[in-house]
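Structure, as structure tokens:
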Amino acid sequence: MRSRASASLRALSDFLGRYYGKKTIILLDEYDTPMQEAYVNGYWREMVAFTRSLFNATFKTNPYLERAIMTGITRASKESIFSDLNNLEVVTTTSEKYSDCFGFTEEEVFAVLEEYGLSDQKQKVKDWYDGFSFGKRKDIYNPWSIINFVDKKRVGAYWANTSANRLGEKLIREGKPKVKQAFEDLLDGGTLHMEIDEQIVYDQLSAKKNAVWSLFLASGYLKVAGTVFEERTGRMYYDLTLTNKEVHIMFANMVQDWFAWNDDYNDFIKALLLGDAKAMNLYMNRVTTEMFIFFDTGKSPQGEPERFYHGFVLGLMVELEDRYVITSNRESGFGRYDVMLEPRSLAAAAALQGKDAAPHKDVPPDAIIIEFKVQDTEETELTETVRSALKQIEERNYQASLIARGIPKERIRKYGFAFCGKRVLIAQQGPVCLQ
């Protein structure tokens, strides 16, 4: 059955050639989408074998073929699916050739907006849909998004809603803490500086350091903001950022969906804002039990706390980013804190300095500092670990940057999170420290 399917395009070429008296041109779009699905769903090896056979029959030993064009987001030449093919010309996102042919240029987009009476929307459209880069061209727009905007006369995440991003989501969700930290930095407007490898090796995606970011660049989710050639090593380094607002919204929604199904998570957020440490402990332990299963990659749960922490921080950021500026692993005082939530309106926070001020959903009353610690082998109880977390906040003066921006000490809450496997203990600094 597989041999018949592999020979199907060759047979079709034969039929068309006989009928029209000409050799065929074959256009194969998104050739790698089935491979991505196979990788995500666990039948990768079988798919590689079939694809190699299909490509051999269609593109190498096919006497009825004139020429062919294949498009896809991953250059998977090391997987041997192209091992039987000769004379391939590969064009990638960093290639100069055809750099203005992968989407609409800014001139074309602005001309369309003028024609449809939408010239006043140019800057909004640029913020949402510009940013794709090919070679040296930095002003390429997503055609699908532009067409939908012109049709509906409003911005929206049109491309994100149709794009197959399951592979990227899997790599982020199950990735190591450094991957989640880098992803958080991207969502916060940051830049990644690294080498990239445009030849994606699927079996190395979860292990190779920069593979996930190479995939995101090839997919259009990241753009090249700048390059640096290091003469000493002969290596090229790339500055990568999220492509545009549409992509940012897509990833923010993706993270929020990780937690949306869990009611306990929403309850935890409410308890955090209210300063209810007892409820935080109750809800957080429920969440971690379910989240460790969701984020599990088959390793011992004893090594999982930091992985959950990064996933948790991302979910927290999406949930509260309209009211707080949320940062992670930044310098303040004499060290780097884990998480800091700073009210977006300092004036509103200062207005709530009275002890009897009730929390209001639109006016966050306090800034929050969180320190995470995994139980040390010398610590017999989680209470020791959580005290150590709170002590670190004080000794390293993590509140310094908040105070410098006008937030009074009495409006800064400090939490220690102690992990041991799936168990969590949360303590808040103050008279009632441990619940």
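The values are calculated or read from the model by the stated rules, or taken from the named source; none is laboratory data. Please read these numbers as outputs of a predicted model, since none were measured by experiment. Cβ atoms come from the backbone with ideal geometry, glycine included; neighbour counts cover every protein chain shown. For accessibility, only protein heavy atoms count, side chains too; no ligands or nucleic acids. Shrake-Rupley method; radii C 1.70, N 1.55, O 1.52, S 1.80 Å.
Shape of the range 374-413 from its Cα gyration tensor (a ≥ b ≥ c, root eigenvalues): rounded if a/c is under 1.5, otherwise prolate when a/b > b/c, or oblate?
Prolate is the answer for the range 374-413, as a/c is 1.5 or above and a/b outweighs b/c.
For a Förster distance of 41 Å, can you work out the FRET efficiency between the beta-carbons of R18 and K170, rounded to the nearest 0.05?
Efficiency computed from Cβ-Cβ geometry: 0.35.
From largest accessible area down, sort W258, W144, W159; use a 1.4 Å probe on the protein chains.
W144, W159, W258
Show which lysines lie in cross-link reach of K270 when reach means a straight Cα distance below 20 angstrom and same-chain residues fewer than eight apart are skipped.
Result set, ordered by chain and number: K278, K355, K361, K414.
Counting only protein heavy atoms and using a 1.4 Å probe, what share of the accessible area of the range 362-424 belongs to carbon plus sulfur, as a whole percent?
About 44 percent, which is the carbon plus sulfur part of the accessible surface.
Normalising by the residue count of the range 104-184, find the relative contact order in percent from Cα pairs under 8 Å and 6+ residues apart.
Computed over the range 104-184, the figure is 21 percent.
Taking 60 Å as R0, compute the FRET efficiency from the Cβ-Cβ separation of E66 and L274 and round it to 0.05.
Taking R0 as 60 Å, the efficiency between E66 and L274 is 0.30.
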